[in-house]
1. If you keep only loop residues by DSSP, which trypsin sites (Lys or Arg not before Pro) in the range 6-79 have at most 13 other Cβ atoms within 10 Å of their Cβ?
2. Return the distance in nm (one decimal) between the two label points of a simple spin-label model at Glu237 and Phe85, each offset 7 Å from Cα along Cα→Cβ.
3. Please get the size of the charge dipole for the range 92-250, origin at its Cα centre, with Cβ charges of +1 on Lys and Arg and -1 on Asp and Glu, quoted in debye to the nearest 20.
4. When all C-alpha to C-alpha distances in the chain are sorted into bins of 5 Å, what percent of pairs does each bin hold, rounded to whole numbers?
5. If we count other beta carbons within 10 Å of each Cβ, what is the order of Thr186, Thr150, fewest first?
6. Given an 8 Å cut-off on Cα distances and at least 6 residues of separation, report the relative contact order of the range 16-73 as a percent.
7. May I ask you to derive the relative contact order of the range 87-168, considering only C-alpha pairs under 8 Å and at least 6 residues apart, and to give it as an integer percent?
8. Under unit Cβ charges (Lys, Arg +1; Asp, Glu -1), what dipole magnitude, rounded to 20 debye, does the range 24-102 have relative to its Cα centre?
Amino acid sequence: MSAGLETFGLHIAYGGNVAVQDATLSAPLGTITGLIGPNGAGKTTTFNACNGLLKPSSGRVQLFGQDVTRRGPQTRARMGLGRTFQQVQVCANLTVRENVALGAEVRLVGRNPFRQLAGGRGQQREVRLRTEAALRGCGLEALADAPASTLGTGRHRLLELARVFAGGYRMLLLDEPSSGLEEEETAAFGRILRTAVADRGIGILVVEHDMSLVMSVCDYIYVLDFGTMIYAGTPAETQASEVVRKAYLGEVEAEVTP
Ligand SMILES: Nc1ncnc2c1ncn2[C@@H]1O[C@H](COP(=O)(O)OP(=O)(O)OP(=O)(O)O)[C@@H](O)[C@H]1O
Ligand SMILES: [Mg+2]
């Protein structure tokens, strides 16, 4: 398996509060890797360190075998690391197609800002091709001309996925991409992820609370609890793990305690 995104002994604190300690994981290309854990476990914090929004106080991040710990988010994006965020982020006043085209444009701008200013024909064509392929990959062709504001949550999530697909990244970080989706929409979402990995050999690291999605799409799963990696294994192993069950039960008990 080719190296995708790897972290080694990440330690991240907000002021004096340690959010992640000694987090080591590997999300290879050609696979889907899950990062799960109860609320506040440190999943988004780990993502922020992976794409360069946060600097770890110690530890290392590697992208495609290269140490990128001191590189900013733009450099990591140029190298091929794409990301979606926990909260839905679409431009409501643009159409679905225009939103997806933004994903392609952002990536191409990153490569060569002067060519983008000139708006070369080749580049416009590349944006169009990438946009249409991403719309098709996410089953959004029929809605391409609709304003994004008219879509429901499920389609918003697909639109975000199409936009990051249009960027042509080799490695994707998806933070709770299916939150707010109905059961059937979630299953369809999972199939789209698996197809992208099978067809293009990309790597995906996904944070997700929906266990049906995690267990059906992931090749391998890491479990964070209170900032510490408490388990790593296949979906079947993770589901059977007493340690993992306890971490989640603790959360349920905390929620029902008055
Ligand atoms: N900007 C911040 N400043 C201070 N503390 C933060 C900040 N962001 C997160 N935290 C704290 O760091 C810990 C980890 O938060 P994080 O958002 O990474 O968790 P998470 O696993 O993504 O949770 P969720 O499943 O709810 O999204 C929590 O205790 C949280 O309160
Ligand atoms: Mg989070």
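1. Of the trypsin sites (Lys or Arg not before Pro), the ones in loops of the range 6-79 whose Cβ has at most 13 other Cβ atoms within 10 Å are Arg70.
2. 3.5 nm
3. 920 debye
4. Going from the shortest bin to the longest, the percentages are 1, 6, 13, 17, 19, 17, 13, 8, 5, 2, 1, 0, 0.
5. Thr150, Thr186
6. 25 percent
7. 54 percent
8. That gives a dipole near 200 debye.
No lab work stands behind these numbers, since they all come straight from the coordinates. Remember, predicted model here, so these are calculated numbers, not experimental data. Cβ atoms come from the backbone with ideal geometry, glycine included; neighbour counts cover every protein chain shown.
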